[in-house]
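Take a look at the structure set out below.
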Amino acid sequence: MTTDQAPQVFRLLPNGDPKTGMAPSDILEAESFTTDDHTETNHTFFQTADESVLSGVWECAPCRDEIASYPVHEMMTVISGSVTMHNADGSSDTFTAGDTFFIAKGTPCVWEVTETLRKFYMIAS
């Protein structure tokens, strides 16, 4: 949904749109996946016309992606699965169902989904 209309209140649903569900997504390169499962789906519930703000639900099979500079500001809440964020200083944090976390734009990190991840997201570029 793109909107330039008056602000709206809506519910983010963990399974995407109630009628159409989730659609295929292609954020990750095929070589990022760490198993034979390359499933990646998304449903965007809201985006501004210039796509500077987006909110939705995303699911991804196990993968590992080295990110030199995270491209956006993103707040996430894990619905199911697990993701480990490896920080540039060598530390890491693992997030599972119910955890909410934030990555600032420009952050170098390694994004590692260890168990198929489904998350709500709010992105600002």
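Rule-based calculations on the coordinates, nothing more; no lab input. Quick caveat, the model's predicted, so the values are computed rather than measured. Because the Cβ atoms are built from the backbone with ideal geometry, glycine has one as well, and the counts that use them run over all protein chains shown.
A few notes on this one:
- Cα gyration tensor shape for the stretch 35-125, rounded if a/c is under 1.5, else prolate or oblate: oblate
- Cβ-based net charge around ARG118, under 13 Å, with every Lys or Arg adding one and every Asp or Glu removing one: -3
- Relative contact order, whole percent, for the stretch 24-124 stands at 33, derived from Cα pairs under 8 Å and 6 or more residues apart.
- Positive minus negative residues near ILE103 (Lys, Arg vs Asp, Glu; Cβ under 11 Å): -1
- Summed side-chain charge close to LEU13 - residues other than LEU13 whose Cβ falls under 14 Å, Lys, Arg +1, Asp, Glu -1: +2
- Sparse packing (at most 13 other Cβ atoms within 10 Å of the Cβ) combined with a DSSP loop state is found for the following GluC sites (Glu not before Pro) in the stretch 45-99: GLU51.
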